[in-house]
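First comes the structure, then the notes that go with it.
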Amino acid sequence: MRIQGFNKTTLLDYPKHLASTIFIGGCNMRCPFCHNSSLVLHPEAVPAIPVDDVLSHLNKRKNVLDGVCITGGEPTLFADELTQLIKSIKDLGLKIKLDTNGTNPALLKNLVDNKLIDYIALDIKNSRENYGLSIGIKNYNTNKVNESVKYLLTSPIEYEFRTTIVKEHHTSRDILSIGQWIKGANSYYLQSYKDSEDIISPGLHSHSKDTLETFAQLLAPYINKVELRGVD
Ligand code: SF4
């Protein structure tokens with residue numbers, strides 16, 4: 001496992017927390033809208049940051065920070081090293097938020113069971129029927145993601161589901177299907193796609209604010225709290 005990015009202070013990545021963010025290189029998906037393409041496609045080309053440097057900084061700032069967000073790439077690809085890193089951070093008294101694509105439900109359960117994690121943000125890439133379109137892998141089997149979804153719906157951990165909404169990928173039919181899939185969820189965020197320089201497949205577009213609000217209304221019967229993110 002390689003740490004390939006470290007944002008020392010953020011108020012954006014861990015809701016209601018002053019946090020640092022650790023970026024882990026490598027991913028098992030190829031989402032066309034991914035804005036971390038260098039971490040996903042060429043992780044070896046991005047210099048690694050020594051774990052000890054990160055832990056040393058967190059130790060100095062532990063009285064100021066509330067927690068640490070671990071994101072990627074896909075951190076759960078590296079179960080043992082990730083668990084060790086999380087333990088080291090928890091020993092400093094900091095909370096952990098993990099961003100994941102949900103492909104390692106066993107690790108999520110293990111982290112929750114061992115009280116090593118405080119918040120999970122799980123990406124729902126699309127309806128199960130059109131998952132492959134939004135992760136760049138044809139005929140993708142969503143069973144592992146579904147296992148993570150079902151686990152979070154009944155687990156004690158605080159969590160959110162979220163989807164980056166892309167005009168070319170998401171229709172109202174997909175949104176309804178997602179609502180039925182994650183029915184009973186506490187919170188779900190529709191994140192408007194934003195163009196950036198490090199996109200895997202440039203040329204995608206966002207839906208209008210009106211369309212996103214219509215999507216949110218479609219989800220209301222299924223989910224307690226639905227909010228838009230990144231909408232101007
Ligand atoms: S958006 Fe997340 S899951 Fe998709 S390719 Fe990028 S890092 Fe991987």
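Of note:
- Members of Lys87/Lys138; Lys95/Lys150; Lys62/Lys144 lying beyond 32 Å, as alpha-carbon distances in this model show: Lys87/Lys138; Lys62/Lys144
- Using the Stokes-Einstein relation with a Kirkwood hydrodynamic radius computed over Cα pairs, the translational diffusion coefficient of region 22-108 at 20 °C and a viscosity of 1.002 mPa s comes to 156 µm²/s.
- Share of Cα-Cα pairs in the chain lying beyond 21 Å, as whole percent: 56
- Across region 18-69, Cα-Cα pairs farther apart than 18 Å form 45% of the total.
- Under Karplus coefficients 6.51, -1.76 and 1.60, residue-wise ³J(HN,Hα) of region 145-150 in Hz, glycine/proline x: 4, 4, 4, 5, 4, 4
- Partners for Lys209 among lysines (Cα-Cα distance below 20 Å; same-chain residues under 8 apart left out): Lys125, Lys167, Lys194, Lys225
- The Cα center of region 24-97 and the Cα center of region 182-232 differ in position by 25 Å.
- Integer Hz, Karplus 6.51/-1.76/1.60 couplings in order for region 93-99, x for Gly and Pro: x, 9, 7, 10, 10, 10, 9
- When peptides 111-121, 200-210 are ranked by their average number of other Cβ atoms within 10 Å per residue, the highest-first order is 111-121, 200-210.
- Peptide ranges 88-95, 220-227 listed from the most packed, as the mean C-beta count within 10 angstrom indicates: 88-95, 220-227
- Pairwise alpha-carbon distances in region 164-232 exceed 21 Å for 24% of all pairs.
Each reported figure results from applying straightforward, stated rules to the coordinates on display, with no laboratory input. Not measured: the values here are computed from a predicted model. Here the Cβ is made from the backbone with ideal geometry for all residues, glycine too, and neighbour counts use every protein chain on show.
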